[in-house]
Amino acid sequence: MAARLTETWHVTKPAVVSRGGLVASHHHEASVIGAQLLADGGNAVDAAIATGLAIGVAEPWMSGIGGCGYMVIYDAQTGTSRAVDFGVVSPKRLDPADYPTLPGGTDDDLFGWPLVVEDRNVQGPLSIATPGTVAGWALALERFGTLPWSEVIVPAIELARRGMKVDWYATLRIANDARGLSQNPAASAFFLPDGLPPVSTDPDNLVTLRSDAQVATLERLRVAGPEDFYKGDIAATIAADMAAIGGKLDRDDLAAYQARIVDACTARYRDATIHVAPGLNAGPTLLDTLARLEPAWQGAGGSPDAEAYTAYAEALFAAYRHRLETMGEGAGESCTTHLTVVDAKGNMVALTQTLLSVFGSRVMLPGLGFLMNNGIMWFDPRPGGPNAMAPGRRPLSNMCPAVVTHKSGNFALGASGGRRIFPAVMQLISFLVDHGMTLDQAFHTPRLDVSGSSLVSADTRMAPDARAALAARWKTTDLPYAVTPALYACPNAVRDLGEERHGCAFVMSPWGQVAAG
């Protein structure tokens, strides 16, 4: 009998309920920081940016100032949503000829692209694109926040001064990528002291990973402002560090970068309105999937049954085919930690920010003290397609922050998890809208995954008849809802019910938490 992934425990994480605001994120310290800003009078955007800054320090393998993201902001007073696009852009000196594909085989990272020589699109200096996170945070705060940048960044600086605490989960994440991290001197020095993953043997005295360069960078951002990242001393440091390792990102790329604010793309799904970011993310594909689901399946109360899961899979297969065949900047635009915030007035933020892969490019720039993204991996290395590599181009990403307005209570949600993100978001929307679930029920209901291949992955907690119905139609594998790998994405959400607000964090994460402010 073949060995397979097995987990025999049953984990629950009840929803948090508050009459004030809530912050849900993948790291408890970041959630508490955001909630404190709410308690001190900040709004949902202030709290989201403070949480985003903090989680880049506390959970550095998922996001940070070397990454990118998308944000959807809902204004409860006007009932309107805006989106902030701060996705990566490929360097202007990128040359597709530097990424020759190898015959046979696919990469073992998120997307299964054809193998590229030396994995240059997946890790190392040639995988790095122009980061947008700092620009996105700053633009959102300036337009929609109430607190100054110099105040919102302070909690992240304090975390960096203290250093990242290493518990068993941190050891696990670092050990999983130790081989890649060992190839970069600065990343190895930070994450692999003595050449090995750090381990804490005393739970009351955890090992601490600290970087003077990281503290100095955040302090410089506080004093000089976010523009320094793109046109000042920090930009010069990034360019010099990139040149030293043979990367293509330079000062011209940084100086030319701009985050964008656009109207959210909205569409009706039954009696709900879905608000997503337009453009080169998974928001348009989420709307496409829901549009395919609505006429194919009438919806029903209670828990999803075999008919519902089959309808989910069918809609996802069709939408993914359309997505991968048509979307990319080369075809024109259409209309991966995640955090969600709701304040006491009902304003909401869904913010997804990422380095793309876990640990991004596995490159930490020594003068910066932060990991850099591997955004080039979002491009298809094969020439000619709509998402093919080209200089100065934005790739097709998988982020899918969303806000849903509905008579049962507005909610904001999203997830991390690469191509698994929007299937998770789609099913959670259906659980809440079609099945009338509470947020707590939705987050503890099994999901399936269809994410670009011919395979359906089914949560082992799913009813046997539902799994049998899937297996009768498609190649299906039964896999558990696990801590790692997170096979059904890692969502979190907040919901405004008027008198009170509810929030849920990714159930299987030992760090994910909702904090009340």
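All of the numbers you see were taken from the coordinates with simple rules; none came from a lab. Nothing here was measured: the structure is a model prediction, and the numbers come from that model. Note that we place each Cβ from the backbone using ideal geometry, even for glycine, and neighbour counts take in every protein chain shown.
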**Two-decimal log10 I(q)/I(0) for the stretch 113-189, as the Debye equation yields it once each C-alpha is a single scatterer, q = 0.20 Å⁻¹** = -1.06
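At a 10 Å Cβ-Cβ cut-off, how would you order K407, K165, K248, fewest neighbours first?
On the way: K407 8, K165 15, K248 21.
By the 10 Å Cβ count, ascending: K407, K165, K248.
What does the convex hull of the alpha-carbon atoms of the chain project to on average, in nm²? Numbers along the way, then the final one.
Working: hull surface 89.8 nm².
The number I arrive at for the chain is 22.4 nm².
Please compute the length gained on full extension between Y169 and A236, using 0.36 nm multiplied by the number of residues separating them and subtracting their Cα-Cα distance. Walk me through the numbers on the way to the answer.
Numbers: separation 67, 0.36 × 67 = 24.12 nm, distance 3.49 nm.
The span from Y169 to A236 would gain 20.6 nm if fully extended.
Grab the alpha carbons of the stretch 339-478, take their convex hull, and tell me the volume per residue in Å³. Walk me through the numbers on the way to the answer.
On the way: hull volume 25.4 nm³, N = 140.
Per residue, the Cα convex hull of the stretch 339-478 comes to 181 Å³.
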**Message:** Taking the number of other C-beta atoms within 10 Å as the exposure measure, put D465, D250 in order starting with the fewest.
**Reply:** D465, D250
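Would you tally the net charge around R19, using a Cβ to Cβ cut-off of less than 10 Å, leaving R19 out, and scoring K and R as +1, D and E as -1? Don't skip to the end; give the middle numbers.
On the way: positive: R501; negative: E499, E500.
For residues surrounding R19, the net value is -1.
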**Request:** Sort all Cα-Cα distances of the stretch 155-289 into consecutive 5 angstrom bins from zero, then give the percent of pairs in each bin up to the one containing the longest distance.
**Result:** 2, 8, 12, 12, 12, 13, 14, 12, 9, 4, 1, 0
**Request:** Average the reciprocal distances over every distinct pair of alpha-carbons in the stretch 388-457, invert the result, and give the Kirkwood radius in Å.
**Result:** 13.7
**Prompt:** Label-point separation (nm) for R143 and E227, each offset 7 Å from Cα along Cα-to-Cβ?
**Reply:** 1.8
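Please arrange S457, S509 by how many other C-beta atoms lie within 10 Å of their C-beta, fewest to most. Walk me through the numbers on the way to the answer.
Details: S457 19, S509 22.
Least crowded to most crowded, the residues run S457, S509.
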**Item:** Spin-label model distance (nm) - N176 vs S150, 7 Å beyond Cα toward Cβ
**Value:** 4.0
**Prompt:** Tally Lys and Arg at +1 and Asp and Glu at -1 over the other residues with C-beta under 15 Å from the C-beta of F144: what net charge comes out?
**Reply:** -2
**Vicinal HN-Hα couplings computed from phi for the stretch 385-398 (Karplus, 6.51 cos²θ - 1.76 cosθ + 1.60; Hz; Gly/Pro x)** = x, x, 10, 6, 4, 6, x, x, 10, 8, x, 7, 10, 10
**Request:** State, to one decimal in nm, how far the label point of V117 lies from the label point of T460, with both points 7 Å from Cα in the Cβ direction.
**Result:** 4.3
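In the chain, what percentage of the DSSP-assigned beta bridges are antiparallel, given to the nearest 5? The partial results should precede the final answer.
Numbers: 66 of 72 bridges.
Antiparallel bridges: around 90 percent, rounded to the nearest 5.
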**Around P423: net Lys/Arg minus Asp/Glu count, Cβ-Cβ under 10 Å** = +2
